[in-house]
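So the structure is just underneath, and the comments pick up after that.
The values are calculated or read from the model by the stated rules, or taken from the named source; none is laboratory data. Worth saying up front: this structure is predicted, and the values here are computed from it rather than measured. Positions of Cβ are backbone-derived with ideal geometry, glycine not excepted, and every protein chain shown enters the neighbour counts.
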Amino acid sequence: MKKIFKKLSIKKVLYAILTFILALCLVFGSLITVLRITFFNANFLSDTLNSSQYYKDLCVEITDNLTDLGDASGLDKSFFEGFVSEVLVREDVQTYITNFYEGKPLKINTSKFDESLQNALTKYIKTHHIKNVNEENLEYFSAKASKIYSNSIKIKYFSAIQDLIINNAGLLTVLIVILALISAAICVILIATNEWKHKALRYIYTAISSAGLFLLILPICIFASGVIEHIAILSRSLSDMYTSILSTVLSDMIVISIVLIVVAVAIWVIHIRVRKKSAV
Amino acid sequence: MKKLCAVLLAVFIFLISCCSAFAAGINAAEQSVLSNMRSPANMNGHKIFVPTAYINQAEAHFNTIDMTQQQADKINALINAGRSFLEGTGKSNIKELSPSERRTLLSYASQAAAVLKLTAVAGSDETRIKITTKDGTIIVDESNNIIKTTGFSSLAVPIAAASFIFVVLILAAAGLISLKKRELENEEI
Amino acid sequence: MKKSKPNTRAQKRRKKFLKGLRRFLLMPVLTCLLLFVVVFGITTPFLSDFFSIGSMFLQDNESSYSRTYENIFSPSDNSGDTVDAEDVDYPSIDKQFGTLEIKNRGVDAKLFFGDGYVPLRNGVGVYAGSFIPGYGKTILVSGHNNTYFNGLKNVKTGDIVKIRTSYGNYEYQINKTRIADANDKSTYDLGANEENLVMYTCYPFDELGLTEQRFFVYADKISGPEIVGIYE
């Protein structure tokens with residue numbers, strides 16, 4: 001009697017451990033999946049920027065910075081009004097993103113911007129009949145303006161993580177597959193080794209639902225804390241971008257959690273039916 | 001690197017100061033901190049000093065607060081600890097610090113920032129850094145050029161290399177040094 | 001007293017229902033809690049530095065990208081000899097705390113503390129690593145050469161610079177002008193223990209382009225209240 005009792009307890013403990021490991025695999029697998037489809041996905045970043053105010057704000061910031069430079073260079077404040085083309089900014093940012101995810105150097109081609117600036121300067125000098133022009137200083141100004149533009153196009157802090165993204169994108173996919181296989185294996189073990197199939201389904205339900213709850217509670221807590229809106233970033237465009245990215249990541253986690261919970265509930269329903277069948 | 005260090009020195013001073021606002025004046029506690037800042041550090045035979053500009057910024061900020069002796073003792077302890085740590089590395093330049101050494105400094109910064117409730121505002125321009133109180137009052141808005149392009153930072157003022165090292169002592173707690181440095185270096189394409 | 005087994009169908013159903021509810025809700029919740037403990041237990045050693053550093057970048061309020069600035073200047077009558085440090089509201093960065101004027105030279109600007117974008121768009125700015133009038137040290141002021149400091153091109157030795165603040169009115173007499181490179185550190189002394197005003201702007205004036213040269217104007221204090229009681 002004692003032996004049977006001991007045997008049953010050890011089995012239950014083992015199933016509990018397997019259930020917990022399954023839940024862990026699902027949590028980490030889901031988190032890695034979210035990372036893979038967001039930070040490690042070029043389309044995600046492009047879509048996020050397109051759907052936010054990023055480009056509009058960026059154009060305003062570039063214009064402000066160029067105006068400050070113009071102030072220091074003898075240009076009217078109106079010189080840079082309407083100068084920065086949102087179309088060009090979008091094009092250059094998209095190129096930057098593509099290069100980022102392809103592991104290419106993140107150098108910005110400012111030739112179109114430089115050309116526009118030269119044309120505008122020539123027109124300005126002619127229109128205002130300016131005679132006091134030092135070519136060397138003007139070149140220095142143009143170089144600085146170009147630097148402002150290229151620094152604005154670069155997405156800040158991205159270059160620091162490019163290697164991380166490029167080198168680990170494949171690894172993440174492998175990890176997702178491994179975790180999925182482990183999860184599947186645990187499910188098979190639970191079902192195959194359990195005399196009562198409905199109990200196995202209950203264990204699987206517990207694992208999936210707890211993982212779903214975890215992935216639901218975590219982003220809700222982060223949203224509720226308001227931490228995303230309180231990140232101190234100097235640039236409005238950058239702030240928009242990072243808050244959009246973080247919000248989307250957290251939303252994706254909630255979506256995955258809902259999927260897991262729905263699957264868990266379905267398994268619970270199946271478990272009830274299987275239990276009724278085995279009772280008969 | 002230079003710009004970062006220079007700014008971070010100022011930042012650290014503010015990081016380690018207390019938060020209550022008072023009328024202008026430098027009390028004995030604050031004077032002890034300023035004196036400590038003026039003392040040179042010996043890093044592998046190189047005597048290094050905090051740039052005057054940053055001691056001045058510290059003094060300017062101390063004019064708006066009222067530091068207690070207890071707080072000053074804490075601050076001086078941090079300065080001394082940072083100094084000792086750097087002198088103990090045997091390095092002569094902050095650039096030579098290993099990642100783990102930088103992390104040590106960074107952890108000082110985190111503690112100080114948490115205690116002092118200050119915010120580092122991540123800049124869009126890598127030459128600029130802004131430190132505010134949690135409610136947004138600007139304490140440091142530094143582009144790291146003393147003589148500006150009258151409004152736009154362009155030329156880096158070549159502050160003596162030695163002085164930057166000492167900045168790290170004080171800004172150990174800021175730790176922003178390490179973080180920002182990596183970003184700055186990586187930003188240069 | 002021993003608890004009696006449920007013998008009615010309703011009682012049996014209720015017991016079954018509660019057991020099912022326990023398995024349906026309680027087990028997932030407990031497992032979820034355990035997940036939190038384990039996940040944070042595993043990740044905290046790796047992420048604690050990140051969270052600690054990250055907390056430095058959090059503020060109480062949402063970021064404001066307003067271009068407005070705070071003006072703490074209100075005209076004062078004090079042109080006397082001293083003003084108590086306790087009566088001086090030491091400005092913080094980007095705040096207007098006074099005005100600067102050089103009569104008949106076309107210089108009349110709001111005076112800010114700090115010399116970043118906000119001050120120089122709206123007036124002239126005192127470098128935050130220098131000091132305010134009355135402090136007895138160097139006051140380093142910058143302004144754009146095509147806006148508020150364009151008038152510096154007209155100044156002469158002997159001209160009077162008037163700075164008005166909320167705690168006192170100051171006058172400085174220009175003694176020297178100088179053209180130098182922006183990197184020339186001999187153009188200012190931030191450690192000076194005598195009050196001196198250094199104003200600078202880009203040079204040449206009225207020329208298109210960015211230049212590495214600066215036009216410096218030096219002035220000595222001739223009147224205005226000294227801030228006393230700064231050091232205990």
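Here are some notes:
- Boolean, A:LEU164 is more than 14 Å from chain B (Cβ to nearest Cβ) and surrounded by fewer than 22 Cβ atoms within 10 Å (Cβ to Cβ): no
- Failed item in (1) over 30 Å from the mean Cα position of the chain (by Cα); (2) modelled with pLDDT under 90; (3) not in a helix (DSSP H, G or I), with A:PHE83 passing the rest: (2)
- Filter pass, C:VAL155 being crowded, with 23+ Cβ neighbours inside 10 Å and either within 7 Å of chain B (Cβ to nearest Cβ) or not acidic (Asp, Glu) (or both): no
- Wholly enclosed strands (runs of 3 or more DSSP E) of the range C:117-218 bearing at least 3 residues not aliphatic (A, V, I, L, M): C:160-165, C:169-181, C:196-203
- Test: residue in the range C:7-23 that is closer than 27 Å to A:LEU26 by Cβ, touching a helix residue (DSSP H, G or I) at 6+ places or on another chain (Cβ under 9 Å) and either modelled with pLDDT of 85 or more or not in a helix (DSSP H, G or I) (or both): no
- If only residues of the range C:66-88 that are within 14 Å of C:SER223 (Cα to Cα) and modelled with pLDDT under 90 are counted, the one that is nearest to the other protein chains (Cβ to nearest Cβ) is C:ASN78.
- Any hit, the range A:252-265, residues being within 14 Å of the chain's Cα centre (by Cα), assigned to a helix (DSSP H, G or I), at pLDDT below 90 and among the charged types (D, E, K, R): no
Conditions (1) touching a residue at least 12 places away in the same chain (Cβ under 8 Å); (2) touching a helix residue (DSSP H, G or I) at 6+ places or on another chain (Cβ under 8 Å); (3) under 14 Å from A:ILE32 (Cβ atoms), marked per residue:
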residue	(1), (2), (3)
A:SER159	yes, yes, no
A:GLN162	yes, yes, no
A:ILE166	yes, yes, no
A:ALA169	yes, yes, yes
A:ALA180	yes, yes, yes
A:ALA185	no, no, no
A:ILE204	yes, yes, no
A:LEU213	yes, yes, no
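- Residues that are under 21 Å from the mean Cα position of the chain (by Cα) and more than 10 Å from every other protein chain (Cβ to nearest Cβ) were ranked within the range C:124-152; the one that is nearest to C:VAL217 (Cα to Cα) is C:VAL141.
- Within the range C:184-215, restricting attention to residues that are away from chain A (no Cβ under 14 Å) and touching an Asp or Glu at 6+ places or on another chain (Cβ under 9 Å), the residue that is surrounded by the most Cβ atoms within 10 Å (Cβ to Cβ) is C:LEU197.
Matching residues to (1) buried (at least 21 other Cβ atoms within 10 Å of the Cβ); (2) under 27 Å from C:ASP181 (Cβ atoms):
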site: A:SER51; (1), (2): no, no
site: A:GLU91; (1), (2): no, no
site: A:THR95; (1), (2): no, no
site: A:THR98; (1), (2): no, no
site: A:ASN109; (1), (2): no, no
site: A:ILE125; (1), (2): no, yes
site: A:GLU135; (1), (2): no, yes
site: A:ALA145; (1), (2): yes, yes
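- Residues that are over 15 Å from the mean Cα position of the chain (by Cα) and either closer than 15 Å to A:LEU31 by Cβ or not in a helix (DSSP H, G or I) (or both) within the range A:222-251 comprise A:ILE222, A:GLY226, A:VAL227, A:ILE231, A:ALA232, A:ILE233, A:LEU234, A:SER235, listed in sequence order.
- Selected residue [over 26 Å from A:LEU250 (Cβ atoms) and among the β-branched types (Val, Ile, Thr)] from A:VAL34, A:VAL60: A:VAL60
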